[in-house]
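Notes to accompany the following structure.
Quick note: the coordinates plus some simple rules give every number you see, no bench work behind them. Keep in mind that this is a model prediction, so the values were computed, not measured. Backbone-built Cβ (ideal geometry, glycine too); neighbour counts: all protein chains shown.
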Ligand SMILES: Nc1ncnc2c1ncn2[C@@H]1O[C@H](COP(=O)(O)OP(=O)(O)O)[C@@H](O)[C@H]1O
Ligand SMILES: [Mg+2]
């Protein structure tokens, strides 16, 4: 399968009567099957980038596509909050987007997926009866069943407690190693980026400022990666207070 190819991608939003560039002309490509991470502070444009790749927003300039111009890639997105339908059971939620394409998963496919997500005992439970971690697993299951070429994940574990987050990261790595889908995973957590990324893109104020290829095997020993962590933190721009800086930059460009 072809790589994801992003060329000169720019996205401006109207702000205070002016135009504010949330993404300032990003060019990069990602090989098929890669686990790619985007890390940066709040407001640096991570969600905007994913929304453009998903086709939920139109670029102001530039393109998102496949090198060689193959068929458009099918993307599936997992959000920070699980977005399950409260009136549907776990398994009905997982099957929902698949059914909405007019298809019906076989019992075998559905059961295997639910098992691999550790949700078998809860498949007939409603979202109000399960934990946040389980809800996020169900949300991931919904995307996996739909079987997109690229899985987009927007800080999917940020709302979970430390231990649940660590367990879900491990499970996500296992699922990815089985299926080898291309993953674009967004986080503001540098340790999470180090745990997961084959390639870590550091974003700052609408730009990808550094790219690190990480060769370490999984599961990773984060403690031994302190040198890389330092480099990533430096690239993120430790000194600037993002919110205040952004407000100024927005005012200046308006
Ligand atoms: N729909 C929108 N309208 C106006 N400004 C937006 C919109 N979406 C995002 N922005 C602005 O673009 C910048 C990047 O936002 P976002 O992509 O959500 O960042 P991140 O996900 O890294 O926190 C922020 O300054 C945000 O306020
Ligand atoms: Mg965001």
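Quick notes on this one:
- Listing 87, 176 from fewest to most neighbouring C-beta atoms within 10 Å gives 87, 176.
- Neighbour-count order for 14, 110, fewest beta carbons within 10 angstrom listed first: 14, 110
- Relative to the longest principal axis of the Cα atoms of the chain, the long axis of helix 90-100 makes an angle of roughly 70 degrees.
- Computed on the chain, with alpha-carbon pairs under 8 angstrom and 6+ residues apart, the relative contact order is 28 percent.
- Each label was represented as a point 7 Å from its Cα along the Cα-to-Cβ direction; for residue 233 and residue 109 these points are 4.6 nm apart.
- Over the chain, dividing the summed -39,500 (n - 2.57) contributions of all DSSP H runs of at least 4 residues by the number of residues returns a 222 nm mean residue ellipticity of -11500 deg cm²/dmol.
- Legend: translational diffusion of the range 174-238 by Stokes-Einstein, Rh = Kirkwood radius over C-alpha pairs, 10 °C, 1.306 mPa s; D = 126 µm²/s.
- Shown here are the Rg and Dmax of the Cα trace of the range 79-136, at 11.0, 30 Å.
- Percentage of interatomic Cα-Cα distances in the range 1-113 larger than 19 Å: 59
- Whole-angstrom gap from the range 123-194 to the range 70-106, using each part's C-alpha centre: 14
- Sorting 118-129, 98-109, 177-188 by their mean Cβ neighbour count within 10 Å, with the most densely packed peptide first, gives 177-188, 118-129, 98-109.
- Take every Cα pair under 8 Å whose residues are at least 6 apart in sequence, average their separation, divide by the length of the range 1-94, and the relative contact order is 32 percent.
- Convex hull of alpha carbon positions in the range 108-148: directionally averaged projected area 2.8 nm².
- Among 58, 207, a tally of other beta-carbon atoms within 10 Å of each Cβ gives an order, fewest to most, of 58, 207.
- 0 to 90° range, to nearest 10: angle between helix 107-116 axis and the chain longest Cα axis: 60
- Shown here are the Rg and Dmax of the Cα trace of the chain, at 18.7, 57 Å.
- Simple spin-label estimate for residue 63 and residue 163 in nanometres, 7 Å along Cα-Cβ: 5.1
- Residues of the range 166-180 with amide N under 16 Å of the 7 Å Cα→Cβ point at residue 125: 168
- Once the chain from residue 147 to residue 213 is taken as fully extended at 0.36 nm per residue, the excess over their C-alpha distance is 21.1 nm.
- Computed across the range 23-77, the Kirkwood radius stands at 12.6 Å (inverse of mean 1/r, all Cα pairs).
- Computed over the range 118-185: relative contact order in percent, which uses C-alpha pairs under 8 Å that are six or more apart: 38
- Modelled spin-label separation between residue 79 and residue 179, with each label point placed 7 Å from Cα along the Cα-to-Cβ direction: 2.0 nm.
- Helix axis angle, 226-236 relative to the chain longest principal axis, alpha carbon, degrees: 60
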